[in-house]
Number of protein chains: 2
Amino acid sequence: MSLSVSVKNALPFADGSEIMSEIAAAHDTLLSGSGRGNDFLGWVRLPFDYDKEEFKRVKAAAKKIREQSDLLIVIGIGGSYLGARAAIEYISSPNYNMFRKDGTPMIVFAGNSISSDQAQEIIDLTSGMDFSVNVISKSGTTTEPAISFRIFKALCEQRYGAAAKDRIFATTDAARGALKTLADAAGYECFVIPDNVGGRFSVLTPVGLLPIAVAGIDIDSIMQGAADMASKLHVPGEDNPAWQYAAARNALYRKGYTTEIIAAYEPRFRYMGEWWKQLYGESEGKELKGIFPASVDLTADLHSMGQYIQQGLRNIFETVVGFESFRTNVTVPDGDKLDGLDFLVGRPLSEINDMAAKGTALAHVDGGVPNLSVTVEKADAYSFGELVYFFEFACGLSGYTLGVNPFDQPGVEAYKKNMFALIGKPGYEDMRKALLERL
Amino acid sequence: MSLSVSVKNALPFADGSEIMSEIAAAHDTLLSGSGRGNDFLGWVRLPFDYDKEEFKRVKAAAKKIREQSDLLIVIGIGGSYLGARAAIEYISSPNYNMFRKDGTPMIVFAGNSISSDQAQEIIDLTSGMDFSVNVISKSGTTTEPAISFRIFKALCEQRYGAAAKDRIFATTDAARGALKTLADAAGYECFVIPDNVGGRFSVLTPVGLLPIAVAGIDIDSIMQGAADMASKLHVPGEDNPAWQYAAARNALYRKGYTTEIIAAYEPRFRYMGEWWKQLYGESEGKELKGIFPASVDLTADLHSMGQYIQQGLRNIFETVVGFESFRTNVTVPDGDKLDGLDFLVGRPLSEINDMAAKGTALAHVDGGVPNLSVTVEKADAYSFGELVYFFEFACGLSGYTLGVNPFDQPGVEAYKKNMFALIGKPGYEDMRKALLERL
């Protein structure tokens, strides 16, 4: 079964079919490349047009990293972090580092904060483990990964001397920038972040693919899932799943449902939720508008956020990602009947989980929360590719329908400037003075 | 330094001092026990009035679990899950299972979903490891933990035979319920969930304290932090930090800031954020009102949610938890100056992180996002106790000010009933028929 969308449980609240003409226009704008941000549309045909030679190099590098390392330190932030982590948790395990098999190395993500404690933990982890480093940064000057790269480059050189260069892999600009210059001078193997693919759309480039491949995941299957999805979604029509999703959520937004909660009933989806939040939040949250993206892990969070969802302020809707089949088949064992669950003995957890999902959707609808659902066959590499492309394409449609440029992120600079000024970066002296007066 | 609150960066948007009389009234209602939900106020004096003998038994059981186990499986959901996980991540490490020291066992949380994959992973983990089980459930009939307990009880009995009873620890009702009855019959050591302490307020009872103590954390220090905080917060006054926080967030809510984002600049805070979301969401999200609770991990999420926060829909405010001192002291090393960071060489990451936090707060205020801050001395057991009590007390004040019963959760039953009906629980036949027609 290919990915499908159901908007049935949103219809009592808002009818996306009323704005299908706008979605159709957005579709044309997106595929013709005639809209805002059209210099960042490289992701649209990426599942067909990716660099096959580089793809082979990614696999070869992953093999080399697996052979030479007990630990891979992946340095990146935002779009250079969330996609790979989401893939590894979703396809392999949310506890990959506890359960990894077949000799794949531990994989830790660094440079996604300025926390000293986080850096120290990873430094401690390297002692006694052979490690490699994958540094991911278009420019090489983003503060968090740049600080982290200084730390782990130094550690790698202390440990391995001249051979450090065979343990550092740079995913960066094809030709320009601090990291590219440094990598070429040092002789690191380099992979390319294409100019026309923004960070949050980059998981199907080496940004995501190298760490994902190191985890032993079949990246061909990911690309196949994305390509199959792209083939379907490029065909215009009201039954296009991306049209349905984009139309429903925009229709809901216009009716005052301004927060979207993404949910799944499998813990392995958690970082897919984080990846999705960046994709939608960063694409739509601008010009003082956009749907606020949130996430929950169910059924866990039915016992924390469930009360709010059921009976709180009615400006929320939810999008639930579900599965048709499952990787394991644990059943309810015999036990003491006092717990009232004897009627479940022998039944698969996946079946009970599915009833929880269906029952929850109806309970939330009855409570005034519109419910969208996205269903894939199984949580695996192929559906990861499908989901990535589906959410990306629907995001492009959604952003154009909202009337923003879905491919820029002008607001991300604001905190950086203030931070640079406060820590005394040369050139920011006047700003520093003004900010210090406000502290 | 004790916990402090600053509302300075919220004042341009809403002035909490205008509703201090309401907060004062809520304070009286809370401490006099005269308000709605007053049969669930056991948490108010818990840091002073807890059962000292049972506290000793918690420590002894933790020691026994450490000695006999490589792995502790903690079975619980909602308030029987998030508090212990939050404490272990915040006080020990967000990667506790990778970095545990001094012979403490691996600790995994089960029964917080109906995921077959999650259950299977933990089943796999037990092979080759000696394990103990801590099952936490007031009634013993909540579906998720009850299914999980059937699984791991059976596994424990298969492995250890009659000695299984020395490896199973039940945290449950003092006298009634399925789990208490079963535990007494089997001879499990039991710990008490007090009748007058709701799940989301229970982390300072054995619900949280037993798993926390197993992780080697000083639970006396936690209780001391909570007691010191309670002594301060019980004194009425406009400089009471809980008054300031409750007043500011209610004032903001009335001005249309209906989503609160909790944030910290340390990854160890992540599950404190999840715990906080349950505390506030479940306490306030009812009667079609309440602030929607969300969370971000910074600076990571400045590169994902940062764009939305800076320039999206202006119905959000943020509460940032910060620290005065840090546990590690990593500094920026020498490196290639191309990254533009040479001016940072030798400076502590904690200092740069602090400037990021201060700069971000001002950037967000300039972008129209009110900013509240809560500061503690250091991320440790003592400040965990402070933060828990602070957020609990402020939550009580907030809920009464909002005009709801902060101590019930009537909406949590809705999904359970639908789930029971759909999976065919005896007695739900009519409801099942009605629901099936809607699927």
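Listed values, structure above:
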{"read-out": "Matching residues in segment A:8-37 - criterion: being among the polar types (S, T, N, Q) and without any contact (Cβ under 8 Å) to a residue 12 or more places away in the chain", "value": "A:Ser21, A:Ser32, A:Ser34"}
{"read-out": "Boolean, A:Ser4 is hydroxyl-bearing (Ser, Thr, Tyr) and over 30 Å from B:Met106 (Cα atoms)", "value": "yes"}
{"read-out": "Selection count where residues are among the basic types (Lys, Arg) and assigned to a helix (DSSP H, G or I), scope segment A:275-286", "value": "1"}
{"read-out": "Pick from segment A:116-138, criterion open to solvent by 40 Å² or more (accessible area, probe 1.4 Å) and assigned to a loop (DSSP other than H, G, I, E, B), ranking: farthest from B:Asp301 (Cα to Cα)", "value": "A:Gly128"}
{"read-out": "Residue list for segment A:308-329, restricted to those being open to solvent by 10 Å² or more (accessible area, probe 1.4 Å) and either without any contact (Cβ under 8 Å) to a residue 24 or more places away in the chain or part of a strand (DSSP E or B) (or both)", "value": "A:Leu313, A:Val320, A:Gly322, A:Phe323, A:Thr328, A:Asn329"}
{"read-out": "The one condition in (1) at the interface with another protein chain (Cβ under 9 Å from one of its Cβ atoms); (2) surrounded by fewer than 21 Cβ atoms within 10 Å (Cβ to Cβ); (3) not polar (S, T, N, Q) that A:Gly285 fails to fulfil", "value": "(2)"}
{"read-out": "Members of segment B:399-411 found to be open to solvent by 10 Å² or more (accessible area, probe 1.4 Å) and among the aliphatic types (A, V, I, L, M), listed by number", "value": "B:Leu402"}
{"read-out": "Candidates B:Lys64, B:Lys59, B:Lys52 - the one that is farther than 22 Å from B:Val135 by Cβ, at pLDDT 95 or above and outside the structural domain of B:Phe393 (by TED's automatic domain parsing)", "value": "B:Lys52"}
{"read-out": "Qualifying residue in segment A:356-376 (condition: farther than 30 Å from A:Arg314 by Cα, out of contact with any Leu (no Cβ under 7 Å at 6 or more places or on another chain), surrounded by fewer than 20 Cβ atoms within 10 Å (Cβ to Cβ) and in the same structural domain as A:Ala25 (by TED's automatic domain parsing))", "value": "no"}
{"read-out": "Output for segment B:169-200, where each listed residue is open to solvent by less than 10 Å² (accessible area, probe 1.4 Å) and either farther than 26 Å from A:Gly306 by Cα or at pLDDT below 95 (or both)", "value": "B:Phe169, B:Ala183, B:Phe191"}
{"read-out": "B:Val388 away from every other protein chain (no Cβ under 13 Å), touching a strand residue (DSSP E or B) at 6+ places or on another chain (Cβ under 7 Å), of a type outside the set (Ser, Thr, Tyr) and closer than 30 Å to A:Asn112 by Cα", "value": "no"}
{"read-out": "Matching residues, segment B:404-432, being in contact (Cβ under 8 Å) with a residue 12 or more places away in the chain and either touching a strand residue (DSSP E or B) at 6+ places or on another chain (Cβ under 6 Å) or within 30 Å of B:Asn250 (Cβ to Cβ) (or both)", "value": "B:Val404, B:Asn405, B:Pro406, B:Phe407, B:Asp408, B:Gln409, B:Pro410, B:Gly411, B:Val412"}
{"read-out": "Within segment A:288-307, considering residues that are at the interface with chain B (Cβ under 7 Å from one of its Cβ atoms) and in a helix (DSSP H, G or I), the one farthest from the chain's Cα centre (by Cα)", "value": "A:Gln307"}
{"read-out": "Candidates B:Asp102, B:Asp166 - the one that is open to solvent by 30 Å² or more (accessible area, probe 1.4 Å), modelled with pLDDT under 95 and more than 23 Å from the chain's Cα centre (by Cα)", "value": "B:Asp102"}
{"read-out": "Members of segment A:154-180 found to be without any contact (Cβ under 8 Å) to a residue 24 or more places away in the chain and either part of a helix (DSSP H, G or I) or closer than 13 Å to A:Ile136 by Cα (or both), listed by number", "value": "A:Ala154, A:Glu157, A:Gln158, A:Tyr160, A:Gly161, A:Ala162, A:Ala163, A:Ala164, A:Lys165, A:Ala174"}
{"read-out": "Tally, over segment A:38-85, of residues that are crowded, with 24+ Cβ neighbours inside 10 Å, within 14 Å of another protein chain (Cβ to nearest Cβ) and not in a strand (DSSP E or B)", "value": "10"}
{"read-out": "Selection from segment A:9-37 of residues that are exposed (fewer than 14 other Cβ atoms within 10 Å of the Cβ) and outside any helix (DSSP H, G or I)", "value": "A:Pro12, A:Gly33, A:Ser34"}
{"read-out": "Residues located in segment A:344-378, provided they are more than 8 Å from chain B (Cβ to nearest Cβ), aliphatic (A, V, I, L, M) and within 27 Å of A:Asp218 (Cβ to Cβ)", "value": "A:Val374, A:Val376"}
{"read-out": "Residues of segment B:248-274 satisfying the condition of being surrounded by fewer than 24 Cβ atoms within 10 Å (Cβ to Cβ) and assigned to a loop (DSSP other than H, G, I, E, B)", "value": "B:Lys255, B:Gly256, B:Tyr257, B:Thr258, B:Tyr265"}
{"read-out": "Considering residues of segment A:330-343 that are closer than 26 Å to A:Lys378 by Cβ and within 7 Å of chain B (Cβ to nearest Cβ) only, the residue nearest to the chain's Cα centre (by Cα)", "value": "A:Val330"}
{"read-out": "Any hit, segment B:136-153, residues being in contact (Cβ under 8 Å) with a residue 24 or more places away in the chain and away from every other protein chain (no Cβ under 13 Å)", "value": "no"}
{"read-out": "Residue check, A:Asp228 in a helix (DSSP H, G or I), modelled with pLDDT of 95 or more, surrounded by fewer than 24 Cβ atoms within 10 Å (Cβ to Cβ) and touching a helix residue (DSSP H, G or I) at 6+ places or on another chain (Cβ under 9 Å)", "value": "yes"}
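Here is a yes/no grid of residues against (1) within 30 Å of A:Ala154 (Cα to Cα); (2) within 7 Å of another protein chain (Cβ to nearest Cβ); (3) at pLDDT 95 or above:
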| residue | (1), (2), (3) |
| --- | --- |
| B:Trp243 | no, no, yes |
| B:Ala264 | yes, no, yes |
| B:Tyr271 | no, no, yes |
| B:Arg314 | no, yes, yes |
| B:Thr328 | yes, yes, yes |
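Residues are listed down the side, and each one gets a yes or a no for (1) of a type in the set (Lys, Arg); (2) assigned by TED's automatic domain parsing to the domain that holds A:Ile107; (3) within 30 Å of A:Leu279 (Cβ to Cβ):
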{"site": "A:Met129", "(1), (2), (3)": "no, yes, no"}
{"site": "A:Glu144", "(1), (2), (3)": "no, yes, yes"}
{"site": "A:Phe152", "(1), (2), (3)": "no, yes, yes"}
{"site": "A:Gly161", "(1), (2), (3)": "no, yes, no"}
{"site": "A:Phe169", "(1), (2), (3)": "no, yes, yes"}
{"site": "A:Gly177", "(1), (2), (3)": "no, yes, yes"}
{"site": "A:Val192", "(1), (2), (3)": "no, yes, yes"}
{"site": "A:Asn196", "(1), (2), (3)": "no, yes, yes"}
{"site": "A:Arg200", "(1), (2), (3)": "yes, yes, yes"}
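Conditions (1) assigned by TED's automatic domain parsing to the domain that holds A:Ser231; (2) open to solvent by 10 Å² or more (accessible area, probe 1.4 Å), marked per residue:
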| site | (1), (2) |
| --- | --- |
| A:Asp334 | yes, yes |
| A:Ala394 | yes, no |
| A:Leu397 | yes, no |
| A:Glu413 | no, yes |
| A:Leu422 | no, no |
| A:Arg432 | no, yes |
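The values are calculated or read from the model by the stated rules, or taken from the named source; none is laboratory data. What you see is a predicted model, and the numbers here were worked out from it, not measured in a lab. Methodologically, a virtual Cβ is constructed for each residue, glycine included, from the backbone with ideal geometry; neighbour enumeration extends over all protein chains shown. We work out accessible area using only protein heavy atoms, side chains counted, and drop any ligands, DNA or RNA first. Shrake-Rupley method; radii C 1.70, N 1.55, O 1.52, S 1.80 Å.
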